[in-house]
1. Could you grab me the full set of residues in the range 49-69 that are at pLDDT 80 or above and surrounded by fewer than 17 Cβ atoms within 10 Å (Cβ to Cβ)?
2. For the range 87-109, name all the residues that are touching a strand residue (DSSP E or B) at 6+ places or on another chain (Cβ under 9 Å) and open to solvent by 80 Å² or more (accessible area, probe 1.4 Å).
3. Within the range 147-187, track down each residue that is among the acidic types (D, E) and more than 18 Å from A101 (Cβ to Cβ).
4. What are the residue pairs meeting all of these: first residue in the range 106-122, first residue touching a residue at least 12 places away in the same chain (Cβ under 8 Å), second residue among the polar types (S, T, N, Q) and surrounded by 10 or more Cβ atoms within 10 Å (Cβ to Cβ), Cβ atoms under 7 Å, and 6 or more apart or on different chains?
5. May I ask you to verify whether V188 is on the phi < 0 side of the Ramachandran plot, in contact (Cβ under 8 Å) with a residue 24 or more places away in the chain and buried (at least 18 other Cβ atoms within 10 Å of the Cβ)?
Amino acid sequence: MQDELLLEEELQYEEVYPTVNGEGIGQFCRRMFIKILLIWGILLLFSFEYYLLEEKQILTHPVEAFVHRTNLTVQFLMVGVTAELPPAASFSELKPLVIRAGRLMGISSDQGILDARITDEGRVLNWTAPDRKDRQHTITGLIRKDGSVSLDIETTYWGPEAKIKDRSRELYLLASRFGKVTSTRLQVEGIAPYQSTGSLEKWVQQWRLRDLEVTRTGSAVRLRGVTSDLAQGKKQEVPFSLSFVPAGGSRGRLILSVGS
């Protein structure tokens, strides 16, 4: 009887104070070490990404980096993409592609104006319509006289919430679904601070410029040139124009257009 009581007390003691063997401690330490490494790695990744975004502007779109550097308050953004299409001989073959592109952008088929015309360049099918978010889109299908076919998508955004990198990537991926993208373009407009003693050339002097042209009309300034620093991949040179018109005080309207 006494032995049974002692055994029962030992079992109760183990339930309240379980024994941790050497293997259990090792597994616990290893698990905690892995968790600490993961947390440290995530924090390091976020810190490095913040450094790239804020200091080097590497992960942002190059035009976004320019907006950040010049403290531009964006009011308008236009993004356009052109892609090659398979051969087509008539409007009836071109229309389904134009309509499909519009629907992928959130446009209802009963919205906007669909216009077909024959020009010196060829057959042009143009659809201009807003989407559900009241953003304006223009989708143009073109059958050239030489037989080549292209699809051009242009969209405009109003207000500071327009994200240049997101919108450019969205439109590029959409156009890629129809064919090879041959050109991209964008234009950003807004209000930027400007010191009368400063020079507009200083805003672009750190770019790898080629054929820079400066035109002054009174207090307004316009720059034209070619640089690879405004291309998303920074591998090919793209033409750009930058204009600034003072609007009183130390601020003015800035327009940057980039095309490739």
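1. Those that are at pLDDT 80 or above and surrounded by fewer than 17 Cβ atoms within 10 Å (Cβ to Cβ): H68, R69.
2. Within the range 87-109, P87, E93, K95 qualify.
3. Of the range 147-187, the ones among the acidic types (D, E) are 152, 154, 161, 166, 170.
Within the range 147-187, E161, D166 qualify.
4. From residues that are touching a residue at least 12 places away in the same chain (Cβ under 8 Å), the pairs are G112/T128; I113/T128; D115/N126.
5. Against the criterion (on the phi < 0 side of the Ramachandran plot, in contact (Cβ under 8 Å) with a residue 24 or more places away in the chain and buried (at least 18 other Cβ atoms within 10 Å of the Cβ)), V188 qualifies.
The values are calculated or read from the model by the stated rules, or taken from the named source; none is laboratory data. These figures come from a predicted structure and were not determined experimentally. Cβ: placed from backbone, ideal geometry, glycine included. Neighbour counts: every protein chain shown. What goes into the accessible areas is simple: the full protein's heavy atoms, side chains included, and nothing from ligands, DNA or RNA. Shrake-Rupley method; radii C 1.70, N 1.55, O 1.52, S 1.80 Å.
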